[in-house]
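Colleague: Below you'll find the structure I mean.
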Amino acid sequence: MSGQAATLDLFGTDEPVAERRTLTAGPLTAILEDGNLRTISFAGVEVVRAINYLARDASWGTYKAELTNLTIEQDQGAFEVAYEGLCAGPQGSFSYRMKITGKASGALTLEAEGVALSDFPTNRTGFVVLHPSDAAGGRLIIRHSDGRIEETVFPDAISPDQPAFDINALTHEPAPGIICTVAMEGDAFEMEDQRNWTDASFKTYVRPLSKPRPYVIAKRAKDIQRITVSIEAKGLMSRPEIAGTATLTLGRPIGRMPSMALFLDPDDLPSALAGAALLGAAQDVIIRFDSARGHDADVLRKAASLAAATGARLAIEVILDAIDPGIEAKAVADTIRSSEIEPGAVLVSPRREFKTRSSNSVPPGERPISDLVTALRASGIAAAIGAGTPSLFTEFNRNPPTGEADFVFFGNAAVVHAADDLSVMETLSVYPSVIATARRLCPGKPIWLGPCTIGMRHNPYGQSVAPNPARVRMPAAGEDPRHGALFGAAFAIGVAAQVSAAGVDHLAIASPTGWFGLLGPTGTRRPIQAVHAELAAAAGAERYQISVDHAGVAAIGYRLGDDIRVLVANLTPSAVNLSLPSGARPVAIIGETANRMTTASHDKPTLGPYRSMVLQCQ
């Protein structure tokens, strides 16, 4: 049942998976990947999620460093890594030498000596330290540059702004009896809560955002930085064993499944209408409507035809300038009336939300979103009205909607900062914190969540999303090839499992066509279409509690008719054996070229890398 899938089927790209090598010095271990360290652990306990050395250009694009002269030496008590890196592009070139040493005592040092080969404009060049998001709410000791000590905690609710500034060292307790201190040299460091972007980490980075950017490292100028990790353990703990089998336990009914929505840009309407018969069902189609782009009543009528073809209601996401709410609301209401459609919902997105801005701020001359909601109600629109952002949760968290909207909305993307497979799947663990924080900001409001995708629909932090003609794993890219592959289907199940348990009302994981489509460029179904069809069939159904004792497996259970079905996904690059609930049996898997559900065998409940299946329980 596990099957063997080709790289292209798994990831949608032939780009090789980044090589990983485990470095070991007694109880100290770390994974070396593309010259950076991740999953830094001591006695089996993760103490630091990652330490990266990176350069970002003037638009926040991350350079793909070319590494040469790599050497690795290790014995039982120590390891040492050295290499040279080059970051080069149209804006300039920067090279560096890296030396990494680790000792069984728990001492780990990374030293980077960089030099600009030309004037090098950059928004950030240097070390980034990631602490696991599991540290949320835990004790944190900060040593500032003047030696002052501050005792605080990692934020529990997701912090919209930097929780710590002027950092020289951070000390925390990743597990009882283990103390980890990370010291930073070379420039001023500060921290941000990366859960804002669904990164599963707290990021401490070089150079404060309050300083001017981009800045220029002058030709031949040197930049020297050092990170030192010191670990103290009162007693070595036994290293936890990695489970070879994932045990699924079915519990009691608990809540309802969310409705499934498709998001749609009018530019994709022709291809969406052409492929309507292959899309499958949905509960809502959300069309973006922006009069500044020439959208009119005819666009709404065509979108309504698409919604009808999928058995869905039409929702309209209106982009408004928020300068004169009364006039803008009347224009929207008049267009809806002339289209002769009755939308199920109207989502209000101020145009300012397409670009990031500081917390709790409204640009001069613009009105708060609550005024737009009030004006739309006064215009006679009978549909439910939602308030939120077309951007990521980050912007929602910094400027949460106010007023009497019927629901709130925002989306997420998995490759804002990192695009490797592990980082993308790690974002799933942050969704409970995202939903909990949104509920604190807007208590009692139903949440329409999405789009929740791997790639970025747009870029609030630069001119545009990163172009990706080579179809590789790229941060801040719009098109991510994994969306249309088995990886994307597994990721979508992971999202659905997390947010369904959190009780969101509506969920959008795909558009009909395009970069985020259920259908590929040739009009064939992608693996994610099978996932969407299963979830849409379960919309509003009784959801069942299901627990899994394997962090790399996602599962969601629901009642369909007389049966309980469970949608399961392997989120890892290794095959996982499944131990099923009593009376459960596999009935379908999502195939490599997928586009359809295929009958599964019953004898070997094993999920191959990034595979997904459906179980049925009587």
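Taken together, the values in this text are just the output of simple stated rules run on the coordinates, not laboratory data. In this text, all values refer to a predicted model and were calculated from it rather than measured experimentally. Here Cβ is always computed from backbone atoms with ideal geometry, including for glycine, and neighbour counts include all displayed protein chains.
Colleague: Report, in cubic angstrom per residue, the convex hull volume of the C-alpha atoms of region 473-611.
Modeller: 125
Colleague: Taking the Cα centroid of region 52-81 and of region 462-490, what is the distance between the two, rounded to the nearest whole Å?
Modeller: Result: 23 Å between the Cα centres.
Colleague: Suppose each label sits 7 Å from its Cα in the direction of the beta carbon; what would the A470-A183 distance come out to in nanometres?
Modeller: 3.9
Colleague: Gain in length, D324 to R97, computed as 0.36 nm per residue apart minus the alpha-carbon separation, to one decimal in nm?
Modeller: Stretched out fully, the D324 to R97 stretch lengthens by 76.2 nm.
Colleague: Further question: Could you pull out which residues in region 443-460 have an amide N less than 11 Å from a spot 7 Å beyond the Cα of D267, following the Cα-Cβ vector?
Modeller: 458
Colleague: As I understand it, the dipole of region 514-566 uses +1 on the Cβ of Lys and Arg and -1 on the Cβ of Asp and Glu, about the Cα centre. Which of Q529, I546, G514 lies farthest toward its positive end?
Modeller: In region 514-566, that residue is G514.
Colleague: Then there's this: Can you work out the base-10 log of I(q)/I(0) for region 7-233 at q = 0.10, 0.12, 0.15 1/Å, using the Debye formula on its C-alpha atoms alone?
Modeller: At q = 0.10, 0.12, 0.15 Å⁻¹ the computed log10 ratios are -0.46, -0.68, -1.07.
Colleague: Ok, one more. What distance in nm separates the simple spin-label points at D161 and S59, each placed 7 Å from Cα in the Cβ direction?
Modeller: Result: 2.9 nm between the two label points.
Colleague: Right, next: Report the gain in length on full extension from S574 to L67: 0.36 nm times residue separation, minus Cα-Cα distance, nm rounded to one decimal.
Modeller: The span from S574 to L67 would gain 179.8 nm if fully extended.
Colleague: Counting pairwise Cα distances across region 258-548, what percent come out greater than 36 angstrom?
Modeller: 10
Colleague: Compute log10 of I(q)/I(0) for the chain with the Debye formula, placing one identical point scatterer on every Cα and leaving out solvent, at q = 0.06, 0.09, 0.12 Å⁻¹, to two decimals.
Modeller: Here log10 of I(q) over I(0) equals -0.33, -0.75, -1.31.
Colleague: Please give the calculated 222 nm ellipticity per residue for the chain, where each DSSP H segment of at least 4 residues contributes -39500 (n - 2.57) and the sum is spread over every residue; nearest 500 deg cm²/dmol?
Modeller: -5000 deg cm²/dmol
Colleague: What is the order of S210, S41, fewest Cβ neighbours within 10 Å to most?
Modeller: S210, S41
Colleague: Working out 0.36 nm times the residue gap between A292 and H144, then minus their Cα-Cα distance, what length gain in nm do you get to one decimal?
Modeller: Numbers: separation 148, 0.36 × 148 = 53.28 nm, distance 4.85 nm.
Answer, rounded to one decimal: 48.4 nm.
Colleague: Would you please give the FRET efficiency between E151 and D119, computed as 1/(1 + (r/R0)^6) with r the Cβ-Cβ distance and R0 = 60 Å, to the nearest 0.05?
Modeller: For R0 = 60 Å, the calculated efficiency reads 0.90.
Colleague: Mind listing the Cα extents of region 128-286 along all three principal axes, in Å, largest one first?
Modeller: Reported extents, whole Å, longest axis first: 64, 50, 28.
Colleague: D for region 166-241, whole µm²/s, Stokes-Einstein with Kirkwood Rh over alpha-carbon pairs at 20 °C and 1.002 mPa s: what number?
Modeller: The Stokes-Einstein estimate is 141 µm²/s.
Colleague: Something else: Using 1/(1 + (r/R0)^6) with R0 = 51 angstrom and r between the beta carbons of R21 and A537, what's the FRET efficiency to the nearest 0.05?
Modeller: After rounding to 0.05, the efficiency reads 0.70.
Colleague: Could I ask something else about it? The chain: longest stretch without exposed GluC sites (Glu not before Pro) (DSSP loop, at most 11 other Cβ within 10 Å), sites themselves excluded?
Modeller: The answer is 20-240.
Colleague: Further question: For a quick check: sort T181, T204 by the number of other beta carbons within 10 angstrom, fewest at the front.
Modeller: T181, T204
Colleague: Something else now. Rank these for me by crowding, H131, H144, H506, going from fewest to most other beta carbons within 10 Å.
Modeller: H144, H506, H131
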